[in-house]
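The values are calculated or read from the model by the stated rules, or taken from the named source; none is laboratory data. Fair warning: this is a prediction, and the values are worked out from it, not measured in the lab. Cβ: placed from backbone, ideal geometry, glycine included. Neighbour counts: every protein chain shown. Please note that ligands, DNA and RNA were not included when accessible areas were found on the heavy atoms of the full protein model with its side chains. Shrake-Rupley method; radii C 1.70, N 1.55, O 1.52, S 1.80 Å.
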Amino acid sequence: MTHERLPAPRPADAGDRYAVVVNHEEQYSVWFADRALPAGWTATGTQGTRQECLDHLEQVWTDLTPRSARASR
């Protein structure tokens, strides 16, 4: 079995830019804007500081329930 070597994570700093991302379950996250997105995640178009992105998530992600669980309600 071959394992892909991932680059070592670097610590965040105050100048980093972030992007708000969402997956197929409509769950949101904050990701480094200059990094490739992980499989299954899509950029929403919102970028800024980490705090700006978290503030945006507070406004748009009002129901933390995954989409599949909401559909079965």
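Selection over the range 30-43 of residues that are farther than 12 Å from R17 by Cα and among the aromatic types (F, W, Y) gives a count of 1. Pairs are defined by a Cβ separation below 9 Å, a sequence spacing of at least 6 or placement on different chains, a first member in the range 14-27 that is of a type in the set (K, R) and at pLDDT 95 or above, and a second member that is surrounded by fewer than 18 Cβ atoms within 10 Å (Cβ to Cβ) and part of a loop (DSSP other than H, G, I, E, B); the pairs so defined are R17/A33; R17/D34; R17/T49. Give the range 44-69 a look and list any residue that's closer than 17 Å to N23 by Cβ, without any contact (Cβ under 8 Å) to a residue 12 or more places away in the chain and assigned to a helix (DSSP H, G or I), or say none. Correct list: A69 only. Among the residues of the range 23-36, those that are of a type in the set (A, V, I, L, M, F, W, C) and open to solvent by 70 Å² or more (accessible area, probe 1.4 Å) comprise W31, A36.
In the range 42-73, which residues are touching a strand residue (DSSP E or B) at 6+ places or on another chain (Cβ under 6 Å) and among the aliphatic types (A, V, I, L, M)? Correct list: A43, L57.
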